Amino acid sequence: FDKRTGWIWYDGAFVPWQDAQVHVLTHGLHYGSCVFEGERAYGGEIFKLEDHTARLKESARLLDFEIPYDEAEINAACRELLARQNLSDAYLRPVAWRGSDMMGVSAQHNQIHLAIAAWEWPSYFDPAERLKGIRIGQAKYRRPDPLTAPSTSKAAGLYMICTISKHAAEREGYADALMLDWRGRVAECTGANIFFAKNGELHTPEADAFLNGITRKTVIELARRRGIAVHEREILPEELESFDECFITGTAAEVTPVSEIAGRHYQPGPVTKQLFDDYMAEVQPKKAAA
Ligand code: PMP
């Protein structure tokens, strides 16, 4: 990835892709003082950019640092970068971290950096292929108690258990892993939220110990617009067999049907297909009325 060309927005300036470096004594690297976002642009417009930027700022505050740019400046930087990179369907990755001024757990005065990268990422493959669904395994690690970690921050450190879990799942031939929370309730996947359908109604874990995804919130709104009942509630693993449909949601995953969770099988059905279509329509840039 670091061999690419183009521009990266870095602390207020556009720098050539390969010059966007950090020092090895960066606090964010040693102590996990780093937060990020994942955004997608469709047809040249970043979907729910304002929500992502607000979450980025809040993720940093939860890690006790303030990103030294306001939301309007960050939004403008994202849009300028997209234009400068000449991208239409793309992924954007803003990342903020504590710098290398002091080395130690305490680093109250370290400079806070912000960088934004963007690369082409078409909202790809053929819907028929996607509707077959992915297979997901069961993760060993659980989402931490919100009293143990700032679990609603999109903090780099919280992804350590996600990478371990995703690698383990991939070694067993699965595409992703289902993580439980510290109480043993169904929580989310390693980079996406999870939904189930039964008797035409939607069920999803209450987002009280993991990221309340922007896609998750969008899908709940789309379902309600369709008159589909949505139940945000406690879901225990014993209940997994009773659902008819399952899908995951996220900026990268969009709405991705699930065909299996560690031996329990699902058929992408009417609820999944409806929300898949509605989501793909929702992300399209809104054309100004003629
Ligand atoms: N959970 C985790 C752990 C994630 O990494 C993501 C992706 N950001 C999500 C949920 C979904 O969030 P969003 O819909 O805002 O992309």
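A few remarks follow.
- Cβ-Cβ distances below 6 Å connect no pair with a first residue in segment 123-151 that is farther than 24 Å from GLY173 by Cβ, a second residue that is part of a strand (DSSP E or B), and a separation of six or more residues or different chains.
- Test: residue in segment 131-139 that is within 16 Å of the ligand (Cβ to nearest atom), under 29 Å from ASP64 (Cα atoms) and in contact with a helix residue (DSSP H, G or I) (Cβ under 6 Å, 6 or more places away or on another chain): no
- If you go through segment 219-272 and keep only what is within 14 Å of the ligand (Cβ to nearest atom), touching a strand residue (DSSP E or B) at 6+ places or on another chain (Cβ under 7 Å) and not in a loop (DSSP other than H, G, I, E, B), you end up with VAL219, ILE220, PHE247, ILE248, THR249, GLY250, VAL255, THR256.
- Remark: pairs (first residue in segment 242-259, assigned by TED's automatic domain parsing to the domain that holds GLU37 and more than 14 Å from THR218 (Cα to Cα); second residue among the aromatic types (Phe, Trp, Tyr) and surrounded by 23 or more Cβ atoms within 10 Å (Cβ to Cβ); Cβ separation under 9 Å; 6+ apart in sequence or on different chains) are absent.
- Wholly within segment 152-217, strands (runs of 3 or more DSSP E) carrying at least 3 residues that are touching a His at 6+ places or on another chain (Cβ under 8 Å), modelled with pLDDT of 95 or more and of a type outside the set (A, V, I, L, M, F, W, C): 201-205
- Every residue from segment 143-173 that is within 12 Å of the ligand (Cβ to nearest atom) and over 18 Å from the mean Cα position of the chain (by Cα): none
- Of all residues in segment 11-30, those being under 28 Å from GLY213 (Cα atoms) and either in contact with a Ser or Thr (Cβ under 6 Å, 6 or more places away or on another chain) or surrounded by 17 or more Cβ atoms within 10 Å (Cβ to Cβ) (or both) number 2.
- A search for C-beta distances below 8 Å between a residue of segment 77-90 that is touching a residue at least 40 places away in the same chain (Cβ under 8 Å) and any residue that is of a type outside the set (A, V, I, L, M, F, W, C) and in a helix (DSSP H, G or I), counting only pairs 6+ apart in sequence or on different chains, returns CYS78/THR53.
The values are calculated or read from the model by the stated rules, or taken from the named source; none is laboratory data. A quick note: this is a predicted structure, and the numbers were derived from the prediction, not measured. In this analysis, Cβ positions are derived from the backbone assuming ideal geometry, glycine residues included, and neighbour counts consider all displayed protein chains.
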